[in-house]
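As structure tokens, the structure follows; a few thoughts come after it.
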Amino acid sequence: MEPEVAITFEQHSRTASRAPTFVPDSQPRNIFRKAQEEMIRRLLRDPVKVTSIIAGVLVCTGILYGKTFDTTFDTSKFDFSDLNRKSQFYFADKRNPFNRYGVKYAWGWTFMILLLHLLTAPPRGRRRLSDADETPESRHFHQRLSKGHRLLEVLLATAAWALMTQAILAGTSVTDLLRRSTGGTCELRLPSSLQRDPTFSNLQTIDSQPIIRTSDAVTGDSLAADLVPSEVYLSLPMQYCSHNIPITPSSHPELYSYLSPKAKQEGAEGKITPSQVQGGDLSLRARITQGFDLSGHVFLLVLSTGLILRHVSPVLRRWLKKGKIGPGETLVGSTHTGVTILGTAVASVWLWMLWTTSAYFHTTYEKLAGYVAGVSALFIVLALSNTASSVVPSVLGPIHNAAEGKKVM
């Protein structure tokens, strides 16, 4: 027993004499990574609700930013020159590529991405995935949608976009109808050179349309407050604004008789706002002023982001489970993966432009109304498509549980 005790004591002495070595504890890092993955996984379980919450936060923070730093411009006013002086923020400039080619055609980009994502999706037989780590409560949000169901969602969302922003509802859109019913008027800003014409200065109407001179307006007049001071406007029927009808020599010959060659040249150079040259003639365009200008951009960006993330979230969830795929199970094709990455990137841009719109354009209530309209349209689209799938599952295909392959409805 004594030799064994001596050896044990000697080993203990050598161990005790060694300098302590610091071994970094990786447990906190692993805990943080697992918490991060769990958070992302939870976000992807119900992307529509999560998108609605994130969009609401962005709209509210944008509103607070605009109030704090005085960056918000009331778009119901006629002239945008005040915004150009007030803000030099790149993404708030309507002339930058993100606005000219991105947000301006936001639904076109969204529709293209959703259609490509649908067409490149692998057949149902390849969509096998191990979901052993999911809880029963979460499986309700992991619904696997048929291609027919997804296509129906895209078409319903397109109808919502058209009703809200395009003139297809009795010759007008919901946003224009709302603005008209709340006092909106269609006004054409006339060239300043007309004010120097003594004959024109005595006119009250031109081409049977009333002339508005802000210099003669009564103090406190709401219309004069929304127009540029010391300018002249021509009040036009609403269809000139709703349908973007140009003012041509054939439609307003009397007006064009007062336009000098210099004024026409100024219009061709873009010095008359807004203006456009068509067919060699100066063609002025009117704008709606006053009224409740519900933010169509907020509505559209919320709807687009929610639908994109709803359709790409199953692929994102599969990526999180990489390494847990069982034998014989596959992920998705490279083309579908590329479209998913593109869709996620576009949705991120839409969220950023949503904040920019909230910080720089529209009044507070107009932005909140656009947000409510976008979220409402999103959930109505989902409700209608789910109902249709339950009524005609043979056409649209039933909604399946991604974990168990069972029909949800």
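The values are calculated or read from the model by the stated rules, or taken from the named source; none is laboratory data. No experiment lies behind these values; they were computed from the predicted model shown. Please note: Cβ atoms are built from the backbone with ideal geometry, for glycine as well, and neighbour counts cover all protein chains shown.
Looking at the stretch 116-131, which of the residues that are in a helix (DSSP H, G or I) and at pLDDT below 50 is surrounded by the most Cβ atoms within 10 Å (Cβ to Cβ)?
Residues of the stretch 116-131 that are in a helix (DSSP H, G or I), as a first pass: 116-119, 124-126.
Narrowing the set further to residues that are at pLDDT below 50 leaves 125-126.
Details: G125: 7, R126: 12.
The residue in question is R126.
Within the stretch 346-356, is there a residue that is closer than 23 Å to I113 by Cβ, in a helix (DSSP H, G or I) and polar (S, T, N, Q)? Before the answer, list the steps.
Initial filter on the stretch 346-356 (closer than 23 Å to I113 by Cβ): 346-356.
Within this subset, residues satisfying the condition of being in a helix (DSSP H, G or I) are 346-356.
Those left that are additionally polar (S, T, N, Q): 348, 356.
So far as the stretch 346-356 goes, yes, one or more of its residues are closer than 23 Å to I113 by Cβ, in a helix (DSSP H, G or I) and polar (S, T, N, Q).
What about E187, is it more than 20 Å from P246 (Cβ to Cβ) and modelled with pLDDT of 80 or more? Here the answer is no, as E187 does not meet what is asked.
For the stretch 132-146, does any single residue satisfy the condition of being under 23 Å from V375 (Cβ atoms), among the aromatic types (F, W, Y) and at pLDDT 80 or above? Spell out the reasoning first.
Applying the first criterion (under 23 Å from V375 (Cβ atoms)) to the stretch 132-146 yields 138, 140-143, 145.
Of the ones still in play, those that are also among the aromatic types (F, W, Y) are 141.
Imposing the further condition that a residue be at pLDDT 80 or above reduces the set to none.
No: zero hits.
Going through (1) buried (at least 16 other Cβ atoms within 10 Å of the Cβ); (2) modelled with pLDDT of 95 or more one by one, Y365 falls short only on (1).
Yes/no matrix, rows are residues, columns are (1) assigned to a helix (DSSP H, G or I); (2) modelled with pLDDT under 70; (3) of a type in the set (G, A, S):
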{"position": "L178", "(1), (2), (3)": "yes, no, no"}
{"position": "T199", "(1), (2), (3)": "yes, no, no"}
{"position": "P229", "(1), (2), (3)": "no, yes, no"}
{"position": "L234", "(1), (2), (3)": "no, no, no"}
{"position": "C241", "(1), (2), (3)": "yes, no, no"}
{"position": "S251", "(1), (2), (3)": "no, no, yes"}
{"position": "L255", "(1), (2), (3)": "yes, no, no"}
{"position": "Q265", "(1), (2), (3)": "yes, yes, no"}
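Given the criteria acidic (D, E), surrounded by 15 or more Cβ atoms within 10 Å (Cβ to Cβ), modelled with pLDDT under 55 and farther than 19 Å from R196 by Cβ, does D221 qualify? So D221 does not fit the description; no.
Between F89, F73, F78, the distinction of being surrounded by fewer than 16 Cβ atoms within 10 Å (Cβ to Cβ), at pLDDT below 85 and among the hydrophobic types (A, V, I, L, M, F, W, C) belongs to F89 only.
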